[in-house]
1. In whole Å, what three semi-axes, largest first, describe the equivalent ellipsoid of the stretch 132-191 built from its Cα gyration tensor (square root of 5 times each eigenvalue)?
2. Along Cα→Cβ, 7 Å out, is where each label goes; now give me the distance between the ones at T212 and D186 in nm to one decimal.
3. Apply the Debye scattering formula to the stretch 132-239, with a single equal point scatterer on each alpha-carbon and no solvent, then give log10 I(q)/I(0) at q = 0.11, 0.12, 0.20, 0.23 Å⁻¹.
4. Collect residues whose amide H, placed 1.01 Å from N in the peptide plane, falls under 5 Å from the amide H of D231; neighbours closer than 5 in sequence don't count.
5. Calculate the FRET efficiency for N203 and D234 from the Cβ-Cβ distance with a Förster distance of 30 Å, rounded to the nearest 0.05.
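Nothing in this text is a laboratory measurement; each read-out follows from the coordinates by a stated rule. Because the structure is predicted, anything quoted here is derived from the model rather than measured. Heads up, the Cβs are rebuilt from the backbone with ideal geometry, glycines too, and the neighbour counts pull from every protein chain shown.
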Amino acid sequence: MTTPPQDPGSAEPQEPWPAPKPLEFPPAPAPEPELATVVPPAPQPPAAPVSPAPAAPPLSHIGQSLGYGPGSVPGHHPAEVTAPPPPPGPGVQPPFVAPPSQRDKRRTWFAVVGGVLAVFLCVGGAIGTCAGLAIWMSVEQNTEARAATDRYMGPLQRGEYSKAYLEMCSDLRELQTAEEFAAEHDRRPRIQGYEITRTEPSNREQATVWVTVRVQQNSSSATKRLRVVLDPVDKRYQVCSNDN
């Protein structure tokens, strides 16, 4: 701090002068960054093709150059020099399919013959089953028709007309009553005996059998052909013929 000079005639003390302020300069601007210059790479000449290295001579040539016989190397065998073939990779298919052997042909023939035999057996079995079923149905119809004829002719022979009336089919029972049926047979000659001579299933009607009966009346005999059907009401075979 600088003290100003005092006047000797002045009794009052003088105030000191203020210290001068230092000079302030604005900060210098920051230098601008220099842009880097990108230099493109020089074109490279194309690479020269690399020739494969020559294969090493086999050991047999080395042995011949050393004075040994062709194919003979001390301590080595030609079979040991040969490198094993590389294993086939996954999915590698052979260039051709091997032809089937004789065993494969025999298996094919056996399979064909077995299939044909199986078809014949199935067809023959089906035909045999159908034929057997038809024969069984025919025998069953004949048996039921004979039983129905006996249930009808037996009461007629004994004079039990009410029982014989019940052995007729429902269609005939609707045409006449039991009293009318009994009165009609009272006027006829008495049946002395009968014999069933033949049963023949009908070719035109289902569940129908024609029964031939030889009837003995007094001193004469007659042959009657009765129609026996499976009655839909009574669910059994019954005589359904007016020639009775």
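1. Working from the Cα gyration tensor, I get semi-axes of 28, 14, 7 Å.
2. About 3.5 nm, to one decimal.
3. -0.35, -0.42, -1.08, -1.31
4. For D231, the qualifying residues are R236, Y237, Q238.
5. That pair, N203 with D234, gives E of 0.80.
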